[in-house]
Amino acid sequence: MTANVDLHCHSTVSDGWLTPSEVVRRAAMNGVTLLALTDHDEVSGIDEARRTADELGLDFVAGVEISVSLFGETIHVVGLGIDHHHGPLLEGLGAVRSGRGERAERMDAELAAIGIHGTLAGARRLAGNPALVSRAHFARHLVSIGLMPDVNTVFRYYLAKGKPGFVQHEWATLEEAVGWILGAGGIAVLAHPARYRLSGLQMDALLDRFIACGGEGIEVVSGAHTPADMQKFASVARSRGLLASRASDFHGENESPVDLGRCNPLPADLIPVWSRLI
Ligand code: AMP
Ligand code: MN
Ligand code: MN
Ligand code: MN
């Protein structure tokens, strides 16, 4: 059997459309042989996902995607192979999640100020986990009321940085997030690096700091990457000696460009991060 590895996806525990168990079933249907569930700032879906993976004979890795603030941007760090019961990790994630409620209220107020009312109530209705209201839930609400045709367009007009519904928020520091992952016995992987709006110097500084505090991996193949992004970050993995990850970042059928397990293969010369997970 050829390996089909997917080390980044979301369930209803954060902003995915499928329950943890449904995510694993879909992955199995798509031929995934090794899966990590990596919900935003939350690990409460791991036990359910692992039970389903065990039933289906799929290899499963406990994961998380932690929100970090750096250079005024939000950076995502994926932790793989974590002990999802580790106290300091759980405390850290709890602290990151606790900022979301107040942020959501500020987003609601900003949108109300431009005449779009009731967005937090709408977002809450769509969120599977009340502690994890994400911009994705606001976006889905605005699509559901017919204001915008799709989630991507909502982000472009309302929710991306600089748009009226965007509020600046301080997540974890890079060092905190990597520290929680390492403390829980995991490997820290920089998620979808092409997504960040950073200058070349800032990207170099991000990589310097990430590696200095113990980060070891980078998503080279990501559902959020173009083929050119993939080539660029394959070079980064080579020059920085980073382990390479393959990651759909699947959220749901109608929202994600790449389905579970349907990413391109990693360039053959890179060292896959899963060589350290199995
Ligand atoms: P948050 O963690 O609340 O800031 O929400 C971030 C989430 O919003 C990401 O994990 C994606 O699921 C979603 N997202 C961000 N940008 C876009 C976009 N341009 N189009 C669609 N979804 C997006
Ligand atoms: Mn998301
Ligand atoms: Mn992300
Ligand atoms: Mn993600």
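Relative to the longest principal axis of the Cα atoms of the chain, the long axis of helix 87-113 makes an angle of roughly 30 degrees. Per-residue Cβ neighbour counts within 10 Å put 274, 17 in the sequence 17, 274, beginning with the fewest.
When each of the peptides 142-152, 257-267, 26-36 is scored by the mean number of other C-beta atoms lying within 10 Å of its residues, the order from highest to lowest reads 26-36, 257-267, 142-152. The angle between the Cα long axis of helix 20-29 and the main principal axis of the chain comes to about 50°, on a 0 to 90 degree scale.
Pairs of C-alpha atoms in segment 58-118 farther apart than 15 Å represent 67 percent of all such pairs.
Relative contact order of segment 82-134: what whole-number percent is it, with Cα pairs under 8 angstrom and at least 6 residues apart? So the answer I get is 34 percent.
Per residue, the convex hull spanned by the Cα atoms of the chain measures out at 116 cubic angstrom. Label-to-label distance, residue 213 versus residue 22, with points set 7 angstrom from Cα along the beta-carbon direction: 3.5 nm.
Dividing the Cα radius of gyration of segment 11-146 by its Kirkwood radius returns 1.02 for Rg/Rh. Computed from the Cβ-Cβ distance with R0 of 45 Å, the FRET efficiency linking residue 147 to residue 95 stands at 0.85.
Seen against the Cα atoms of the chain and their longest principal axis, helix 200-212 is set at about 60 degrees.
Could you give log10 I(q)/I(0) at q = 0.15, 0.17, 0.21, 0.23 Å⁻¹ for segment 105-187, computed by the Debye formula over C-alpha point scatterers of equal weight, without solvent? After summing over all Cα pairs, the log10 values are -0.60, -0.71, -0.92, -1.03. Taken as Cα centroids, segment 240-254 and segment 31-48 sit 13 Å apart, rounded to the nearest whole angstrom.
Label-to-label distance for residue 253 and residue 231 is 3.5 nm, based on points extended 7 Å past Cα in the beta-carbon direction. Rounded to the nearest 5, the antiparallel percentage of DSSP beta bridges internal to the chain is 40%. Label separation (residue 275 vs residue 201): 3.5 nm, computed from points 7 Å beyond Cα along the C-beta direction. Relative contact order of segment 1-105, taken over Cα pairs closer than 8 Å and 6 or more residues apart, is 22 percent.
Rule-based calculations on the coordinates, nothing more; no lab input. Just so you know, these numbers come straight off a predicted model, no measurement behind them. Note that we place each Cβ from the backbone using ideal geometry, even for glycine, and neighbour counts take in every protein chain shown.
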